[in-house]
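This report concerns only the one structure given below.
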Amino acid sequence: MPAQDFQTLVAELEQRGWLRRVRVEVDPILEISEIADRTVKSGGPALLFERVRGSNIPVLINTFGTKQRMCHALGVDDFQQLADRVKALIKPEMPTTLLEKIKKLPQLIALGSLPPKIVRRGICQEIVHRDDADLTALPAIKCWPGDGDLTRNAYAHVTQAMRSAGGRDSDDALRQATNTSSKSAISVTEGSELAREYFGEAGFLNHGPETTGNATAGHPKSEIRDFKTPNLSELLPPRNDGRYLTLTNVFTKNPHTGERNIGMYRVQVLGPKLAAMHWHMHHDGARHFRMHRELGKRMPVAVSFGGPAVMPYAATCPLPPGIDECLFAGFLNGGAIELVPCVTQPEIEVPASAEIVVEGYIDPQDAPVIEGPFGDHTGFYSLADLYPRLHVTAITQRRNPIYPTTIVGKPPQEDFWLGKATERIFLPLLQTIIPDIIDYNLPTFGCFHNCAFVKIKKEYPYQARRVMSAIWGAGQMCFTKMIVVVDAHVNVQDENEVLFHMLANCDPRRDCVITDGPLDILDHASPGCGVGSKIGWDATRKWPAEGAVRTWPDELEMSPEIRELVTRRWKEYGL
Ligand SMILES: Cc1cc2nc3c(=O)[nH]c(=O)nc-3n(C[C@H](O)[C@H](O)[C@H](O)COP(=O)(O)O)c2cc1C
Ligand SMILES: [Mn+2]
């Protein structure tokens with residue numbers, strides 16, 4: 001069974017020689033990040049920094065930074081074991097005979113124990129800080145030099161807000177700036193949905209429902225906010241030294257149904273009791289936020305660190321909306337996850353064995369706050385933008401907690417293994433919607449959303465195109481910027497082999513599909529934030545029905561008898 005809390009996990013890793021303690025003092029500003037980056041890129045151990053400047057809490061990083069440690073945290077030797085269990089789950093053949101029923105029993109019992117169990121007490125609440133809760137006491141790290149630096153890597157509206165706040169009258173300054181340059185200086189294709197509502201057609205620029213041409217057409221006006229000209233200085237974070245909580249489990253609930261969601265969303269520390277919540281508009285936390293806003297209700301939120309070893313991974317799982325990550329965590333854990341109600345946000349429950357929990361709320365009536373920039377998965381900074389404010393009402397912790405964190409950046413990073421686990425474990429689920437897929441590979445350089453290599457057994461013309469469309473319609477796979485589909489004999493885990501077939505087998509005009517749709521909001525090259533185009537390469541052998549196709553040559557392959565003979569005689573050749 002996987003470890004039931006992070007200190008047990010640390011002990012297990014240490015026992016196996018997979019964790020090193022660093023006893024000299026280190027700086028949470030950039031130093032830990034550089035050490036972690038070098039360590040993960042060389043396949044090194046998990047690191048526990050015992051003395052971190054400015055905090056008395058040790059920092060754990062690179063916990064999941066190798067396949068071995070990722071598997072260990074999930075209680076398996078190989079991801080395939082979990083993929084097999086998923087497969088067995090989705091094919092629940094009904095037992096018919098009594099003997100079969102008895103055989104099936106352990107599986108059914110296991111299933112029954114999956115829902116989280118609400119308990120009354122948890123070590124995560126051994127110490128409760130309410131009035132004295134202070135986010136800045138956590139050893140939040142600064143990952144990259146430009147993190148939080150608003151003079152660079154900020155959307156135009158943020159830059160203007162900055163400038164104007166530095167000027168005499170902030171609103172006047174922005175009005176001037178937008179009057180002198182063109183009105184599209186702040187384009188609605190910039191930034192988050194919140195930013196669009198604040199700065200787009202919503203009247204900030206124009207003080208009316210008037211739109212500024214094509215760019216705003218079709219974007220619904222918010223019916224919730226009364227768009228008075230916002231005071232720009234209210235959008236500025238009171239404090240911003242580029243420090244983020246990264247290995248988070250963000251707990252929210254659907255206000256209509258009470259369904260729970262857990263996502264891993266970065267949280268920027270902006271003061272003792274203020275943070276910014278960076279959930280992407282496509283993710284479930286943001287969906288819950290919009291629901292609360294529609295209802296005009298405060299949104300309770302909790303951010304936990306640690307807990308059962310499977311929790312951080314579960315929070316990154318691309319489960320469909322409405323499916324509780326805690327249920328899946330229970331499945332991975334091989335037993336129910338114990339949850340305890342928060343002290344100040346009792347509607348939200350958190351893992352009883354968590355190291356640290358930040359409790360708080362988001363008020364949808366609040367002005368958003370400028371969040372970012374942040375050195376991201378993509379290998380680039382994600383631009384500073386507007387995100388909801390998280391007000392901290394309590395920080396609870398166990399008596400001697402450790403603080404787990406991670407960095408993201410140019411691959412490979414620790415999150416590569418979180419993603420690889422998903423790639424393997426979710427293959428059987430993907431195959432239920434797209435049975436054509438034999439195997440796939442999200443290569444390191446594609447940072448997950450940029451590239452998928454997919455192998456199919458081609459049985460009819462244009463099948464590869466159907467598979468691409470299906471992938472672009474499948475949950476978070478919809479963000480895939482490039483899909484390459486190859487035939488069954490190609491090893492998709494060998495990236496050179498895929499590129500070889502893509503280049504050899506494609507006529508770009510005939511075999512590429514370019515389509516528009518939602519993209520990962522972190523994609524900086526797309527023309528809009530979260531919207532743009534995607535390309536699919538049909539690298540399969542072409543059939544006559546697939547356009548102008550000449551006689552297709554066979555691919556070179558030595559006959560098996562000769563290969564066998566040469567293998568057998570290899571020593572004789574004296575080579
Ligand atoms: C290390 C790491 C950091 C992440 N940071 C964010 C983030 O800041 N914001 C976000 O929306 N998604 C982030 N993600 C991706 C989400 O956690 C992931 O897409 C998850 O499936 C979202 O869950 P949801 O569908 O329940 O919203 C991160 C993933 C990892 C592995
Ligand atoms: Mn979810």
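The values are calculated or read from the model by the stated rules, or taken from the named source; none is laboratory data. None of these values were measured; they are calculated from a predicted model. Here Cβ is always computed from backbone atoms with ideal geometry, including for glycine, and neighbour counts include all displayed protein chains.
Among TYR313, TYR265, which is the only one that is among the hydroxyl-bearing types (Ser, Thr, Tyr) and either at pLDDT below 95 or more than 29 Å from GLU234 (Cβ to Cβ) (or both)? Steps first, please.
Details: TYR265 fails: either at pLDDT below 95 or more than 29 Å from GLU234 (Cβ to Cβ) (or both).
Only one candidate qualifies: TYR313.
Against the conditions (1) within 15 Å of ligand 1 (Cβ to nearest atom); (2) crowded, with 22+ Cβ neighbours inside 10 Å, where does CYS317 fall short? Just the number, please. Status for CYS317: all satisfied but (2). If the condition is being of a type in the set (Gly, Ala, Ser), in the same structural domain as ILE438 (by TED's automatic domain parsing) and more than 14 Å from ILE483 (Cα to Cα), then the stretch 518-551 contributes ALA525, SER526, GLY528, GLY530, GLY532. Of the residues making up the stretch 534-552, those that are touching a residue at least 40 places away in the same chain (Cβ under 8 Å) and closer than 22 Å to PHE453 by Cα are LYS534, ILE535, GLY536, TRP537, ASP538, ALA539, THR540, ARG541, TRP543, GLU546. As a summary of the residue check, THR422 satisfies the conditions (1) in contact with a Cys (Cβ under 9 Å, 6 or more places away or on another chain); (2) more than 14 Å from ligand 1 (Cβ to nearest atom) except for the one numbered (2).
Residues that are free of Cβ contacts under 8 Å to residues at least 40 places away in the same chain and either surrounded by 22 or more Cβ atoms within 10 Å (Cβ to Cβ) or more than 9 Å from ligand 1 (Cβ to nearest atom) (or both): does the stretch 299-313 have at least one? No: zero hits. The C-beta contact set for the stretch 252-266 (first residue assigned by TED's automatic domain parsing to the domain that holds ILE348, second residue in a loop (DSSP other than H, G, I, E, B) and within 15 Å of ligand 1 (Cβ to nearest atom), distance under 6 angstrom, 6+ apart or interchain) comprises GLU259/GLY322; ARG260/ASP324; GLY263/HIS283; MET264/THR248; TYR265/HIS278; TYR265/TRP279; ARG266/THR246; ARG266/HIS278. Of ALA464, ALA474, all but one fail to be of a type in the set (A, V, I, L, M), within 16 Å of ligand 2 (Cβ to nearest atom) and over 30 Å from ALA354 (Cα atoms); the exception is ALA474. The selection criterion, being in contact (Cβ under 8 Å) with a residue 40 or more places away in the chain, of a type in the set (Gly, Ala, Ser), outside the structural domain of HIS449 (by TED's automatic domain parsing) and more than 13 Å from ligand 1 (Cβ to nearest atom), does not hold for GLY322. Each residue in the stretch 276-287 was checked for being farther than 17 Å from LEU383 by Cα and either more than 9 Å from ligand 1 (Cβ to nearest atom) or among the aliphatic types (A, V, I, L, M) (or both), and 1 pass.
Out of VAL76, VAL26, one residue alone is in contact with a helix residue (DSSP H, G or I) (Cβ under 8 Å, 6 or more places away or on another chain), at pLDDT 95 or above, crowded, with 18+ Cβ neighbours inside 10 Å and over 23 Å from GLY307 (Cα atoms). It is VAL26. The helices (runs of 4 or more DSSP H) found entirely in the stretch 437-552 that carry 3 or more residues being aliphatic (A, V, I, L, M), within 25 Å of the chain's Cα centre (by Cα) and surrounded by 15 or more Cβ atoms within 10 Å (Cβ to Cβ) are 463-471. Inclusion of ILE514 among residues that are in contact with a His (Cβ under 9 Å, 6 or more places away or on another chain), β-branched (Val, Ile, Thr) and either at negative phi or modelled with pLDDT under 95 (or both) is not warranted.
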